Amino acid sequence: MQLTMNSMQIAAAYILFSLGLTLIFGVMRIVNFAHGEFFTLPLLVMSVTVPLLVGAKLPLVVSYALSGALGIALTLLLGGLIYRFALQRFQRDMTGSFVVSVGLSLLLQGIFLESFGGVPNKLPALVEGTVNILGAYITVQRLIITCCALLVAGLMCWTIVSSRLGKALRAVSEDHEAAMLQGIPYRRIALAGFFIATALAAIAAVLLSPVTVSSPNIGSDYLIRGFIAIVIGGLGSIPGAILGSLLIAVIESLGGYYFDPTWATISMFALTMFVLLVRPKGILGNG
């Protein structure tokens, strides 16, 4: 039960991150290697602003809330700039988007390193205490983070399945030309999908900020695991992204408990290669 609880904690963040990657690929048919920086920026902003606000005698919860809102706002601004001046020109161009997004990722990491420094920072705990759930122990803070992340993921899935915007996103993902013939504004829908994906990465970072050490390249670790999750689950598949994230979290939890993190990482890549050999489109992929 303890390992199951640990897996759910890890999977909650991976699900939000991989859903963003899947949404961008499904709508725009590009792979955004700069997506990790959408996770990094809020953490770095909060690592600076939370201590400043606490030093100004604001309550810790208020400091986290204000810093998190600022981090998400700046990340959406960054996402809008990247979309407008870079990725918009390479929609449905895998090669061009690959080159541009990798270059942007390296550029942003350099800017973050220069602006925030390379020393990892850890924010103070937001909530203290531990609870016992069916024999498994989990801190109250991590329980709240997991529940909030799963709630956001559930809201995202409901939006994709039931809302008008979600239906437009699915139509564009299936066939963007046919969708445009039906009156769906492709460019506006692509922009909306990109902003949603950017927000998901930023929200994941804000939720994890009390338990994560921030550094200019932390987004790269999540990017690798996010790509592994969507490759295993199926590129462009929302259920596949969730399934892949759960599998990666289970491997990481079991590997870290019984062996060490290195073997867990090796197992992730081995599973990825096996899935690509047996089912190149991913477990739930259909495109």
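Rundown of residues vs (1) farther than 30 Å from Phe90 by Cβ; (2) without any contact (Cβ under 8 Å) to a residue 12 or more places away in the chain; (3) open to solvent by less than 20 Å² (accessible area, probe 1.4 Å), yes/no style:
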position	(1), (2), (3)
Cys148	yes, no, no
Ala153	no, no, yes
Arg164	no, yes, no
Ala168	no, no, yes
Ala171	no, no, no
Ile184	no, no, no
Gly193	no, no, yes
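Just for region 128-138: of the residues that are in contact with a strand residue (DSSP E or B) (Cβ under 9 Å, 6 or more places away or on another chain) and open to solvent by 50 Å² or more (accessible area, probe 1.4 Å), which one is nearest to Ile10 (Cα to Cα)?
Of the residues in region 128-138, the ones in contact with a strand residue (DSSP E or B) (Cβ under 9 Å, 6 or more places away or on another chain) are 128-132, 137-138.
Checking the rest, the ones that are also open to solvent by 50 Å² or more (accessible area, probe 1.4 Å) come to 128, 130, 132, 137.
Working: Glu128: 19, Thr130: 17, Asn132: 18, Tyr137: 15 Å.
Result: Tyr137.
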>> For Arg92, only one of the following conditions fails: (1) open to solvent by less than 40 Å² (accessible area, probe 1.4 Å); (2) not in a helix (DSSP H, G or I). What is its number?
In response: (1)
> So which residues in region 49-66 are over 18 Å from Ile144 (Cα atoms) and not in a loop (DSSP other than H, G, I, E, B)?
Replying inline: Thr49, Val50, Pro51, Leu52, Leu53, Val54, Gly55, Leu66
> Hey, among the residues in region 3-56 that are open to solvent by 30 Å² or more (accessible area, probe 1.4 Å), over 16 Å from the mean Cα position of the chain (by Cα) and more than 24 Å from Gly154 (Cβ to Cβ), which one's modelled with the lowest pLDDT?
Replying inline: Arg29
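Yes/no matrix, rows are residues, columns are (1) closer than 30 Å to Leu70 by Cβ; (2) modelled with pLDDT under 90:
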| residue | (1), (2) |
| --- | --- |
| Ala204 | yes, no |
| Gly219 | yes, no |
| Leu243 | no, no |
| Val250 | no, yes |
| Arg279 | no, yes |
>> Contact list please: Cβ distance under 6 Å, first residue in region 110-135 and more than 13 Å from Leu44 (Cα to Cα) and touching a residue at least 12 places away in the same chain (Cβ under 8 Å), second residue of a type in the set (A, V, I, L, M) and not in a helix (DSSP H, G or I), pairs at least six apart or on different chains.
In response: Leu134/Met1; Gly135/Met1
>> Which of the numbered conditions does Ala178 fail, given that it passes all the others? Conditions: (1) surrounded by 18 or more Cβ atoms within 10 Å (Cβ to Cβ); (2) without any contact (Cβ under 8 Å) to a residue 12 or more places away in the chain.
In response: (1)
>> Let me confirm something: among Ala69, Ala86, Ala73, which residue is open to solvent by less than 50 Å² (accessible area, probe 1.4 Å) and either of a type in the set (A, V, I, L, M) or free of Cβ contacts under 8 Å to residues at least 40 places away in the same chain (or both)?
In response: Ala86
> When region 196-228 is examined, which residues are found to be open to solvent by 10 Å² or more (accessible area, probe 1.4 Å), hydroxyl-bearing (Ser, Thr, Tyr) and touching a helix residue (DSSP H, G or I) at 6+ places or on another chain (Cβ under 7 Å)?
Replying inline: Thr212, Ser220, Tyr222
>> Could you tell me how many of the residues in region 13-34 are assigned to a helix (DSSP H, G or I) and more than 18 Å from Gly68 (Cα to Cα)?
In response: 13
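The values are calculated or read from the model by the stated rules, or taken from the named source; none is laboratory data. Quick caveat: nothing in here was measured; it's all calculated off a predicted structure. Glycine gets a Cβ as well: all are built from the backbone with ideal geometry, and neighbour counts include every protein chain shown. Surface accessibility is based on the protein's heavy atoms, side chains included, excluding ligands, DNA and RNA. Shrake-Rupley method; radii C 1.70, N 1.55, O 1.52, S 1.80 Å.
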